[in-house]
1. Given 0.36 nm per residue, what is the gain on full extension from Ser117 to Ile63 after removing their alpha carbon distance, in nm?
2. Taking a label point 7 Å from the Cα of Gln175 along the Cα→Cβ vector, which residues of the range 27-65 have an amide N closer than 19 Å to it?
3. What pairs from Lys58/Lys181; Lys58/Lys115; Lys159/Lys181; Lys142/Lys181 go past 19 Å between their alpha carbons?
4. For a Förster distance of 25 Å, can you work out the FRET efficiency between the beta-carbons of Thr198 and Ala153, rounded to the nearest 0.05?
5. Grab every C-alpha pair in the range 49-181, bin the distances at 5 angstrom width from 0 up to the longest one, and report whole percents.
6. Gaussian network model of the chain, Cα springs within a sub-10 Å range: biggest mean-square fluctuation belongs to which of Thr198, Thr183, Thr93?
7. For the chain, what does the helix formula give at 222 nm: sum of -39500 (n - 2.57) over DSSP H segments with n ≥ 4, over the residue count, nearest 500 deg cm²/dmol?
8. How big, on average over all directions, is the shadow cast by the Cα convex hull of the range 1-120, in nm²?
Amino acid sequence: MDNLRRIVVAITGASGSIFGIRTMEALSGAGIETHLVVSKWGLQTIQHETGLSIKDVKSLADIYYDSNNLGAAISSGSFRVDGMIIVPCSMRTLAAVANGLGDNLIHRAADVILKESLPLVIVPRESPLNQIHLQNMIRLSKMGVTIIPPIPAFYNHPKNLDDMINHIVTRILDQLNVVIKTTRRWTGDMKVQNKKSTYKIQTIKPVKDIND
Ligand SMILES: Cc1cc2nc3c(=O)[nH]c(=O)nc-3n(C[C@H](O)[C@H](O)[C@H](O)COP(=O)(O)O)c2cc1C
């Protein structure tokens, strides 16, 4: 596998489909060969949250697979890849992977990654988490899976949503040693702490009616 940089990406039906889209953009920018599979509800959430079409999504990948295509290359360990990212990962897909189900291509490809002892990065999105979600994450973590919830950081002073998204995607790709330059990394510089704050204290009032 000399210099092979081939990564499987799965986008599932959890909120935060932009993390999957941005991950794909960053991987192509880094010259990585991408193998993309999107679940049925992954496609629905992409359309709902970003307005992108299936055609747009397909165009992000070197190879795009239908999630029902269990005969696809990534269904077999004999097709060599460097790892897999499930981003965002729904609690359904998390449960399927944690329990070794293989009834769609995402579950099967993840099962293959685990049996081949290759890196698997899971970006679970749900809030709050119940005990089933947490147990499934522990189960996978014990097998060496990296669980990286899309939690924003503030130490790098994000200016907008794009900064926050890029920071999370950078940290996801760090896990597979794909280093991209989209975010300010921590350097140990605390100088900004001494600056005068520009934060305006707000008054937040409760709503009278939940539908207001
Ligand atoms: C707009 C929208 C947002 C959703 N957000 C989440 C979520 O954040 N986490 C989650 O586990 N499921 C979420 N769901 C539910 C999943 O899409 C659903 O459980 C689906 O069966 C997941 O299937 P998949 O894992 O094959 O994509 C959401 C559904 C919709 C329509």
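1. On the way: separation 54, 0.36 × 54 = 19.44 nm, distance 2.27 nm.
Stretched fully, the Ser117-Ile63 segment lengthens by 17.2 nm.
2. So the set is 27-28, 30, 32-39, 42.
3. Values: Lys58/Lys181 25 Å; Lys58/Lys115 28 Å; Lys159/Lys181 16 Å; Lys142/Lys181 30 Å.
Violating the 19 Å Cα-Cα cut-off are Lys58/Lys181; Lys58/Lys115; Lys142/Lys181.
4. Efficiency at R0 = 25 Å is approximately 0.85.
5. Per 5 Å bin, starting at 0, the Cα pair percentages come out as 2, 9, 17, 20, 21, 17, 10, 3, 1, 0.
6. Of Thr198, Thr183, Thr93, the Gaussian network model singles out Thr198 as fluctuating most.
7. Working: 7 runs with 75 residues, N = 212.
Here the helix-only value at 222 nm equals -10500 deg cm²/dmol.
8. 6.6
Computed from the coordinates by the stated procedures, all read-outs in this text should not be read as laboratory data. Owing to the predicted nature of the structure, the values given are computational and were not obtained by experimental measurement. Methodologically, a virtual Cβ is constructed for each residue, glycine included, from the backbone with ideal geometry; neighbour enumeration extends over all protein chains shown.
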